[in-house]
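What follows is a short report on a single structure.
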Amino acid sequence: MLRHVENCPFCRIASGESHAKLLFTDDDVVVFYDLAPKAPVHLLVIPRRHVASLAEATTQEAGLLGKLLLAAAEAARRTGILDGFRVVTNTGPHAGQSVFHLHLHVLGGRHLAWPPG
């Protein structure tokens, strides 16, 4: 069962109520371009089902978490950044999470320094 939170912007994108520049979708995952990119390629990978953050995920989401990572790798392939990309999830306000719907950032297309910040 897909959980949808009415005031969640990513739930609205996942359901098609709001528009985003999509890279690809499937039954469980939506991949789209970030509106405020921090790298030449900056994509967001979200589950269609609402999970607030990685801290809220349970063993019931184990398969979904794997699908998110596989979708991140596919996004890197489709955008030609296999020479180097970063996958990040911010969990909680102190880590910079601003939309409380689990999402992975896929960043690439330039040299990514370490530590990130």
### Rounded Å value of the spacing that divides the Cα centres of the stretch 1-74 and the stretch 83-102
12 Å
### Task
Answer with one residue from Pro37, Gly92, Cys8: the one whose Cα lies farthest towards the positive end of the charge dipole of the chain, charges on Cβ with Lys, Arg +1 and Asp, Glu -1.
Pro37
### Message
Tell me the relative contact order for the chain as a rounded percent, counting alpha carbon contacts under 8 Å between residues six or more apart.
### Response
29 percent
### Message
Take Ser18 and Glu6, extend 7 Å from each Cα along the Cα→Cβ direction, and tell me the distance between the two endpoints in nm.
### Response
1.6 nm
### Message
Which of Leu69, Leu104, Leu35 ends up with the largest GNM mean-square fluctuation for the chain, with Cα atoms connected below 10 Å?
### Response
Leu35
## Note on the structure
the stretch 70-89 scanned against label point 7 Å out from His111 along Cα→C-beta; backbone N under 17 Å for 83-86
#### Entry: On Cα atoms only, tilt of 62-79 relative to the major axis of the chain in degrees
40 degrees
### Message
For the chain, set up a GNM with springs between Cα atoms under 10 Å and report which of Ala76, Ala39, Ala62 has the largest fluctuation.
### Response
Ala62
### Query
What list do you get for Thr79, Thr59, Thr89 if you sort them by fewest beta carbons within 10 Å?
Thr59, Thr89, Thr79
### Query
Hey, what number do you get for the chain at 222 nm if only DSSP H runs of n ≥ 4 count, each worth -39500 (n - 2.57), divided across all residues, to the nearest 500?
-6500 deg cm²/dmol
### Summary
Options (1) 35, 14, 12; (2) 18, 16, 15; (3) 22, 16, 14 are given for semi-axes √(5λ) of the Cα gyration tensor in Å, and the computed one is (3)
### Task
Quote the charge dipole size of the chain about the Cα centre in Debye, to the nearest 20; the model charges only the Cβ of Lys and Arg (+1) and of Asp and Glu (-1).
260 debye
#### Entry: Difference of contour (0.36 nm per residue) and Cα-Cα distance, Arg86 to Glu56
8.6 nm
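Laboratory data are not the source of any read-out in this text; all were calculated from the coordinates shown. In this text, all values refer to a predicted model and were calculated from it rather than measured experimentally. Cβ sites come from the backbone with ideal geometry, for glycine too, and all protein chains shown count toward neighbours.
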